[in-house]
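Below: the structure, in structure tokens.
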Amino acid sequence: MQLPARRLRLSRVAAATAAAAALALGLTACGSDDDGTGTGASSAAPSSAAATTSASAHDHDHGDTAEAPTAQSLQSNLEQITNPDVPVDEKVKLIDDGENRRGILEQLNAALQTYRGITFQVGEITVDGDTATGQTTITSPTGQSAPPMPLTWEHEDGTWKLSDASACVLFGFAQIPCSPA
């Protein structure tokens, strides 16, 4: 009986935004199909898509030029955020302004304890200044994938962190509202 509910939920969400559609495939089933064998690590092959860097990525007033991130590094970021074995203290460092999302990350870790095996495939990456956008496919532990959707990362403190807006998209998968930071 849950399958029709997921399809109905997916249909409504997909009509709203592509981001929400990908989320509906994520945590909406929250463990009902989980056989307990998932590890939380991605089995998706690293994307071979090359990063595309705009000219503005090298025009910083402060002289700090951000290197374009690799698809594998962005995938790793997402995998760590959605791995319930990674402590919240580490996860707050992976999200832009993550300390303000500590409570949500605690809720996410609790929800993910019974829903392991979400995978990510980051494809084409574009960089504009200190913002990278990667076309990302999210696959649920049951094997359902949504069409690629853009997620963004911000270059901060020498590392690429998932943007707050994209983190809120992930939190939406778990049906955890993203209150203002």
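For Cα pairs less than 8 Å apart in space and 6+ apart in sequence, what is the mean separation divided by the residue count of the stretch 67-129, i.e. the relative contact order in percent?
It rounds to 46 percent for the stretch 67-129.
Would you list Glu124, Glu106 from fewest to most Cβ contacts within 10 Å?
In increasing order of surrounding Cβ atoms, one gets Glu106, Glu124.
Would you please classify the overall shape of the stretch 91-162 from the alpha carbon gyration tensor, given that a ≥ b ≥ c denote the square roots of the eigenvalues, rounded means a/c under 1.5, and beyond that prolate means a/b larger than b/c while oblate covers the rest?
Here the stretch 91-162 falls in the oblate category.
Let me check against my output: what whole-number percent is the relative contact order of the stretch 95-181, with C-alpha pairs under 8 Å and at least 6 apart?
Across the stretch 95-181, relative contact order equals 29 percent.
Give the long-range amide H neighbours of Gly123: residues separated by 5 or more places, or on another chain, with amide H under 5 Å away, using H modelled in the peptide plane at 1.01 Å from N.
Gln135, Thr136, Thr137
Readers should treat all values here as calculations from the given coordinates under stated rules, not as data from a laboratory. These numbers were taken from a predicted model, which means no experiment stands behind them. No Cβ is skipped: glycine too gets one built from the backbone with ideal geometry, and neighbour counts run over all protein chains shown.
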